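The values are calculated or read from the model by the stated rules, or taken from the named source; none is laboratory data. Note that the structure is a prediction, hence the values are computed from the model and not measured. All Cβ positions, even for glycine, are placed from backbone atoms using ideal geometry, and neighbour counts span all protein chains on display.
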Amino acid sequence: MVNLDLTGRVAIVTGGSQGIGQGIALCLADHGADIVIASRTAGKVQAACAQVRAKGRRALGVPTDVTNIDAMRALVDRTQAEFGRIDILINNAGGTAPGARQTLLNVTEEGFQETFDMNVKSVMFLSQFVAPIMQAQGKGAIVHVSSIAGRHNELSRTGFAVYGAAKAAVDVLTRSMAAEWGPTVRVNAVLPGMIDNGRATPSRAPERMQARMATVALHRMGVVDEIATVVTFLCSDAASYVTGSCYDVDGGNTSLHAAI
Ligand SMILES: NC(=O)c1ccc[n+]([C@@H]2O[C@H](COP(=O)([O-])OP(=O)(O)OC[C@H]3O[C@@H](n4cnc5c(N)ncnc54)[C@H](OP(=O)(O)O)[C@@H]3O)[C@@H](O)[C@H]2O)c1
């Protein structure tokens, strides 16, 4: 039988208050984990905690900006004080700053910095703070939510080069962390394709969407649960021999792109 049981394990999920992160937090809770939700907006953090508690798990909300090093340290300290252990870290918070969502000639220094802080600095230092705790416990699993935008330019399009560069850096960190922190800590990444995070955007006009979905083998966007299940597997003992891997969960977009 596949063992996905996470009973008694404590998981920090950054950006766990909505979208993919919320889906991951709830899926981990469904499999027995207690959850720490860490994102900036206190009201949304508490609402997500209530959903975790409704599943019978313990939840701690720590409003956190993952671009801020002191806030990341405080998140780890609060979790230790409340639960006394950290078994799972999901580095999910990320995205593109407006100043980076530009053609390359128009990218601003501020947008570049913000995007790298949000996606790369957060992954680097939160993992650095948590790994020694996992090593002292003898076991731990870290999963970064990266993106296929770091692999190729198919769905990522003009305006996403800086974001793609940041996510490519996350993939490199995944392999290096796995090498340095094995055999105790397993570190993997999931690379979503285009996922419906529950927020429609104006760029998702039907004709544009149709053209973009033609580049996806499964001809549709993914849903949050399709990312959450892969992340949950990677956190579980069922993935005990998986580390340093970057998993595309993109409906076949990368494979079609590579085949051309
Ligand atoms: N959706 C997609 O199609 C897609 C595709 C590939 C990769 N991804 C990646 O998947 C991850 C989640 O994406 P999503 O679509 O679910 O995003 P989302 O719906 O915009 O949610 C982002 C979450 O992160 C939090 N957050 C943002 N900035 C933060 C910060 N500085 N510190 C702490 N928390 C922060 C947000 O809450 P607050 O604003 O309250 O802080 C929110 O909870 C991201 O890393 C993204 O790059 C998404």
- prompt: Is it the case that the range 81-94 has a residue that's assigned to a helix (DSSP H, G or I), of a type in the set (A, V, I, L, M, F, W, C) and over 28 Å from Gly164 (Cα atoms)?
  reply: yes
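If I filter the range 206-213 for residues that are part of a helix (DSSP H, G or I) and closer than 21 Å to Leu75 by Cβ, do I get at least one hit? Show your work before the answer.
First, pick out the residues of the range 206-213 that are part of a helix (DSSP H, G or I): 206-213.
With closer than 21 Å to Leu75 by Cβ added as a condition, the list becomes none.
No, there is no match, as no residue in the range 206-213 is part of a helix (DSSP H, G or I) and closer than 21 Å to Leu75 by Cβ.
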- prompt: Is it true that Ala189 is surrounded by 19 or more Cβ atoms within 10 Å (Cβ to Cβ) and either at pLDDT below 95 or within 13 Å of the ligand (Cβ to nearest atom) (or both)?
  reply: yes
Given (1) within 18 Å of Thr229 (Cα to Cα); (2) part of a strand (DSSP E or B), number of the condition Leu60 does not satisfy: (1)
task: Could you figure out which of (1) more than 14 Å from the chain's Cα centre (by Cα); (2) surrounded by 16 or more Cβ atoms within 10 Å (Cβ to Cβ); (3) within 16 Å of the ligand (Cβ to nearest atom) isn't true of Met118?
output: (1)
statement: The number of residues in the range 32-47 that are more than 22 Å from Asn68 (Cα to Cα) and either buried (at least 24 other Cβ atoms within 10 Å of the Cβ) or within 18 Å of the chain's Cα centre (by Cα) (or both) is 2
message: Against the condition outside any strand (DSSP E or B) and either more than 18 Å from Ala149 (Cβ to Cβ) or within 15 Å of the chain's Cα centre (by Cα) (or both), how does Thr232 come out, does it pass?
response: yes
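Just need a number here: residues in the range 141-186 that are outside any helix (DSSP H, G or I), among the charged types (D, E, K, R), within 14 Å of Ser127 (Cα to Cα) and within 14 Å of the ligand (Cβ to nearest atom). Reasoning before the result, please.
Going through the range 141-186, the residues outside any helix (DSSP H, G or I) turn out to be 141-147, 151-160, 182-186.
Applying the additional criterion that residues be among the charged types (D, E, K, R) yields 151, 154, 157, 186.
Going one step further and asking which of them are within 14 Å of Ser127 (Cα to Cα), we end up with 186.
Next cut, within 14 Å of the ligand (Cβ to nearest atom) only: none.
Number of matching residues: 0.
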